[in-house]
1. Mind checking which residues of region 91-122 are β-branched (Val, Ile, Thr), in contact (Cβ under 8 Å) with a residue 60 or more places away in the chain and open to solvent by less than 30 Å² (accessible area, probe 1.4 Å)?
2. State which residue is nearest to LEU146 (Cα to Cα) when the search covers only region 249-269 and only residues that are open to solvent by 20 Å² or more (accessible area, probe 1.4 Å) and hydroxyl-bearing (Ser, Thr, Tyr).
3. When you look at HIS64, is it over 22 Å from ILE289 (Cα atoms), more than 43 Å from the chain's Cα centre (by Cα), surrounded by fewer than 10 Cβ atoms within 10 Å (Cβ to Cβ) and without any contact (Cβ under 8 Å) to a residue 60 or more places away in the chain, yes or no?
4. Please go through region 48-103 and pick out each residue that is within 18 Å of THR120 (Cα to Cα) and touching a Lys or Arg at 6+ places or on another chain (Cβ under 7 Å).
5. Please find, within region 233-248, the residue that is nearest to the chain's Cα centre (by Cα) out of those that are at positive phi and open to solvent by less than 20 Å² (accessible area, probe 1.4 Å).
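The values are calculated or read from the model by the stated rules, or taken from the named source; none is laboratory data. Predicted, not measured: the structure shown is a model, and the values here were computed from it. Positions of Cβ are generated from backbone atoms using ideal geometry, with glycine treated the same way; all protein chains shown enter the neighbour counts. Areas reflect the complete protein model, heavy atoms only, side chains present, ligands, DNA and RNA absent. Shrake-Rupley method; radii C 1.70, N 1.55, O 1.52, S 1.80 Å.
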Amino acid sequence: MAGRGCSCGPGHLNEDNARFLLLAALILLYLLGGAAVFSALELAHERQAKQRWEERLANFSRGHNLSREELRGFLRHYEEATRAGIRMDNVRPRWDFTGAFYFVGTVVSTIGFGMTTPATVGGKIFLIFYGLIGCASTILFFNLFLERLITVIAYIMRSCHQRQLRRRGALPAGSLKAAGRGADSLAGWKPSVYYVMLILCSASVLVSCGASAVYAPMEGWSYFDSLYFCFVAFSTIGFGDLVSSQGAQYESQGLYRLANFVFILTGVCCIYSLFNVISILIKQTVNWILRKVDGRCVQPCHRRLARSRRNAVTPGNVRHPPGDISTETDGVADSDTDGRRLSGEMISMKDSSKVSLAILQKQLSEMANGGPHQAGTPSQEDEFSGGVGAFAIMNNRLAETSGDR
């Protein structure tokens with residue numbers, strides 16, 4: 001442990017706890033700031049709407065000689081009908097097969113618009129077990145989608161890099177020997193993870209803009225409201241204030257509902273992938289903050305520990321040559337050994353964000369250079385290898401735990 005024998009240097013568990021508490025504090029500050037902004041933007045509008053409603057209610061009560069209590073009782077019955085899916089406008093049935101299929105899609109994708117909810121006890125019980133399996137399966141699908149998307153992105157980035165090298169004359173073309181020299185020139189190249197975030201962000205924007213161009217005329221929304229719906233739906237926030245494909249009739253109805261399904265599926269996959277990559281960068285930022293806060297304390301302590309270890313010999317403590325890289329090292333190297341180390345096969349989970357970023361970087365590098373490296377002998381961690389983001393963290397934790405047995 002890095003902090004053993006030192007009062008000021010945090011150990012592995014303390015570093016993880018500090019990282020967790022700092023992230024929790026930042027999220028709390030983020031929530032407080034968001035609440036302040038939304039309250040400033042929306043509170044006045046809410047009060048005006050409530051005042052207008054009270055005036056309309058009083059005028060209607062006087063005009064039709066109804067008491068306020070009778071009128072409010074009638075409106076409560078309407079609210080109950082609304083929760084059951086009954087609307088004043090002509091809308092599609094909620095619980096026919098197509099409506100139920102739309103509902104289960106919002107369940108397993110965790111969007112949960114809320115415009116349709118089970119009203120029977122049997123429906124609510126079934127939803128609990130159905131959602132438990134469906135949501136877990138969909139999360140797995142999203143992670144596998146991200147891995148395959150990385151393969152496509154890596155291939156595209158490799159092609160662009162090769163084209164740039166050919167323009168500069170650094171990559172020969174034509175003969176078999178030239179191809180071999182070209183492979184050598186690409187051996188040290190690694191795609192940037194930040195380009196992945198940029199590509200995913202661009203893809204999400206393109207899908208949202210394209211979907212909004214369809215939703216605006218079909219649903220009668222403004223283009224801005226359509227963009228707002230796309231983010232709320234694709235990010236699985238799912239407020240339910242705007243919900244697509246709920247009208248009873250549409251022009252080219254079958255085609256529109258198919259397009260709606262494709263838009264939501266593609267958008268959710270893109271936004272989920274983008275969130276995974278952004279979460280890795282957020283963890284990098286949290287680690288940077290911790291290093292800035294604790295640097296003055298940790299660095300002197302590490303120097304004292306290094307001096308004490310020079311004269312200490314313990315079982316299993318092997319001094320590595322200057323060129324050797326330990327499996328505990330956090331540095332990034334270009335060799336295949338370092339690539340395996342960064343993939344989580346030979347590294348402990350001291351820093352989950354670095355492992356997640358390294359796994360994503362390694363996957364990009366492997367896919368861009370013709371597929372993953374094949375190990376000579378299968379290791380115990382191979383059954384847990386793979387994954388990106390939170391999925392990778394869990395897999396590496398399992399690999400680390402199983403390796404200690």
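1. If the condition is that a residue be β-branched (Val, Ile, Thr), in contact (Cβ under 8 Å) with a residue 60 or more places away in the chain and open to solvent by less than 30 Å² (accessible area, probe 1.4 Å), then THR106, ILE111 are the ones that fit.
2. Among those residues, the one meeting the criterion is THR266.
3. yes
4. GLY85, GLY99
5. Filtering region 233-248 for residues that are at positive phi and open to solvent by less than 20 Å² (accessible area, probe 1.4 Å), the one nearest to the chain's Cα centre (by Cα) comes out as GLY238.
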